[in-house]
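The values are calculated or read from the model by the stated rules, or taken from the named source; none is laboratory data. Predicted, not measured: the structure shown is a model, and the values here were computed from it. For neighbour counting, all protein chains shown are included, and Cβ atoms are generated from backbone atoms with ideal geometry for every residue, glycine included. What goes into the accessible areas is simple: the full protein's heavy atoms, side chains included, and nothing from ligands, DNA or RNA. Shrake-Rupley method; radii C 1.70, N 1.55, O 1.52, S 1.80 Å.
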Amino acid sequence: MKKKFDRENIVYVVVFSFVVCAVFVAGLAAANEATAPKVRANREFASQAAVLDALGIAYSDPAEAASLYASAVRPIEGAVPRAYVAERPDGLHYAVEVTGAGLWGAITIVAAAGESLERLDGIQVLAQNETPGLGGRIDEPWFKEQFRGERVAGGRVRISAGAEAGGSGANDPEDGLVDGVSGATRTSQAMEQIIAAAIARLAEVAGGGK
Amino acid sequence: MSAKPGKILVDNLWFNNPVLIQVLGICSTLAVTNNVRNTLVMTVGVSLATAFSSWTLSLMKDLIPRKVRMIVQVLVISFYVIIIDILLRAYLPDASRQLGPYVGLIITNCIIMGRAEAFAAANKPLVSFWDGLTSGIGYMAVLVAIALVRELLGFGSVLGFRIMPDGFVPWTIMITAPSAFFLVAMVMWLARNLQARREAAAKAAKASPKPAAGPSPAKA
């Protein structure tokens, strides 16, 4: 009589687990490897697009963004974290990458301003893990557009807590004050800190620092 | 045990809906449903992950030792979820950025493990695939319905297109998790009520059988 195949044999269990893990992990490694160039290109586009957005340079597709970036923007060598300089019709403009603590995790933004640092050109959010629908709304256009041309007062742009109601944002660029996200006071406060740090960093970079 | 594909579909969409009846996958229901687009991406991901992991586990079911059954299930499920994450990162970078950690969290969605354990472990691969897919669609139907209400009232838009007039004041609570609690509860109440009513009607029909269907007295 044929002996029944014993699935509970310890040797079989170990070999089976090992083989199954190896096969699936190999599959994942292959998939990761195959898409790595594409993911890298996406990331590069995201970072270039963020710098262009912060500087207020308009583009319509990835190819145009890449060529605009290549012609207008120059990374500052040796700057850590990354900083960029762009020659615009009205003089030199700088863009810096700044990371700071949000409510749940790090928030990384790109902020840009002209050499005089009187006004921000704009900001763009590169990475954030805030609550979707609340703090995550710092990545929405109405929030970011508030900083476009906003006056820098005393080295910072203030963000009022819980001021926004209709997703429209403050539109007076002269008062150095923008609307925070209502329901996300802590994230709004964090953004105020991060933008203050970005302005300090812009001053450093514009002064020739790395 | 061999269930008919049509019956599996109806069961998973309605009589045994994973969210409404089995009350599985509630965490993601609360988290992602304030925006229809993210809900769609997330639920398509869950449907595919459930379908493929059920299929794979059913293929392997005669080889898996009982002792490591759950470990293998989790391995297979995470394999498919990570594949989905990789594909999103490569081909839908914006959606991937917005969904952030939620895609990875599909691994912990109880529906996938539930179907693997309750169905795929005892059924043939193709029918397991179908069961997983329809379970995911049942989940999708409920979540998209909730997301439609939440995005419409919370943002005044659907899929990012503005629907509500300009004067509309968004209901902030619809963006936050509590609204999902009461919307899910309302949908559950509705579904269970409808099902209970139907059951009662079926019972009543059995207890007092209607006169045999035949040519009834003509009505002009």
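Being of a type outside the set (Lys, Arg) and within 30 Å of B:Trp171 (Cβ to Cβ) is true for just one of A:Glu192, A:Glu174, A:Glu204, A:Glu118. Which residue is that?
A:Glu192
Filtering the range A:144-174 down to residues that are among the charged types (D, E, K, R) and modelled with pLDDT under 85, which residue is most open to solvent (accessible area, probe 1.4 Å)?
Residue satisfying both the conditions and the ranking: A:Glu174.
Could you figure out which of (1) over 17 Å from the mean Cα position of the chain (by Cα); (2) crowded, with 18+ Cβ neighbours inside 10 Å; (3) among the aliphatic types (A, V, I, L, M) isn't true of A:Leu117?
(2)
Checking B:Phe52 against (1) more than 15 Å from B:Ala122 (Cα to Cα); (2) within 11 Å of another protein chain (Cβ to nearest Cβ), only one condition comes out false. Which one?
Status for B:Phe52: all satisfied but (2).
Tally the residues that are at the interface with another protein chain (Cβ under 7 Å from one of its Cβ atoms), touching a Ser or Thr at 6+ places or on another chain (Cβ under 9 Å) and closer than 22 Å to A:Leu126 by Cα, restricting the search to the range B:66-100.
Residues flagged as at the interface with another protein chain (Cβ under 7 Å from one of its Cβ atoms), touching a Ser or Thr at 6+ places or on another chain (Cβ under 9 Å) and closer than 22 Å to A:Leu126 by Cα within the range B:66-100 amount to 3.
Tell me the helices (runs of 4 or more DSSP H) entirely within the range B:30-144 that contain at least 1 residues that are closer than 26 Å to A:Ser47 by Cβ and among the charged types (D, E, K, R).
Those helices (runs of 4 or more DSSP H) span B:36-60, B:69-91, B:93-99.
Please enumerate the residues belonging to the range A:13-65 that are surrounded by 15 or more Cβ atoms within 10 Å (Cβ to Cβ), part of a helix (DSSP H, G or I) and aromatic (Phe, Trp, Tyr).
A:Phe16, A:Phe24, A:Phe45
Just to be sure, is B:Ile106 open to solvent by less than 40 Å² (accessible area, probe 1.4 Å), away from every other protein chain (no Cβ under 14 Å) and β-branched (Val, Ile, Thr)?
yes
Can you tell which of B:Leu13, B:Leu48 is modelled with pLDDT of 85 or more and not small (Gly, Ala, Ser)?
Just one listed residue meets the conditions, B:Leu48.
Just to verify a result, which residue in the range A:24-64, among those that are small (Gly, Ala, Ser) and within 16 Å of the chain's Cα centre (by Cα), is nearest to the other protein chains (Cβ to nearest Cβ)? Step through it out loud before you land on a result.
Residues of the range A:24-64 small (Gly, Ala, Ser): A:26-27, A:29-31, A:34, A:36, A:41, A:46-47, A:49-50, A:54, A:56, A:58, A:60, A:63.
Imposing the further condition that a residue be within 16 Å of the chain's Cα centre (by Cα) reduces the set to A:41, A:46-47, A:49-50, A:54, A:56.
Details: A:Ala41: 9, A:Ala46: 7, A:Ser47: 12, A:Ala49: 11, A:Ala50: 11, A:Ala54: 17, A:Gly56: 21 Å.
Ranking the candidates gives A:Ala46 first.
The conditions are (1) within 14 Å of another protein chain (Cβ to nearest Cβ); (2) open to solvent by less than 60 Å² (accessible area, probe 1.4 Å); (3) aliphatic (A, V, I, L, M); (4) over 30 Å from B:Lys7 (Cβ atoms), and B:Val169 fails exactly one of them. Which is it?
For B:Val169, the exception is condition (2).
Specify which of the listed residues (A:Ala111, A:Ala127, A:Ala101) is crowded, with 23+ Cβ neighbours inside 10 Å and modelled with pLDDT of 85 or more.
Answer to the check: A:Ala111.
From the set of residues in the range B:172-192 that are open to solvent by 60 Å² or more (accessible area, probe 1.4 Å) and not β-branched (Val, Ile, Thr), which is farthest from the chain's Cα centre (by Cα)?
In this case the residue turns out to be B:Pro178.
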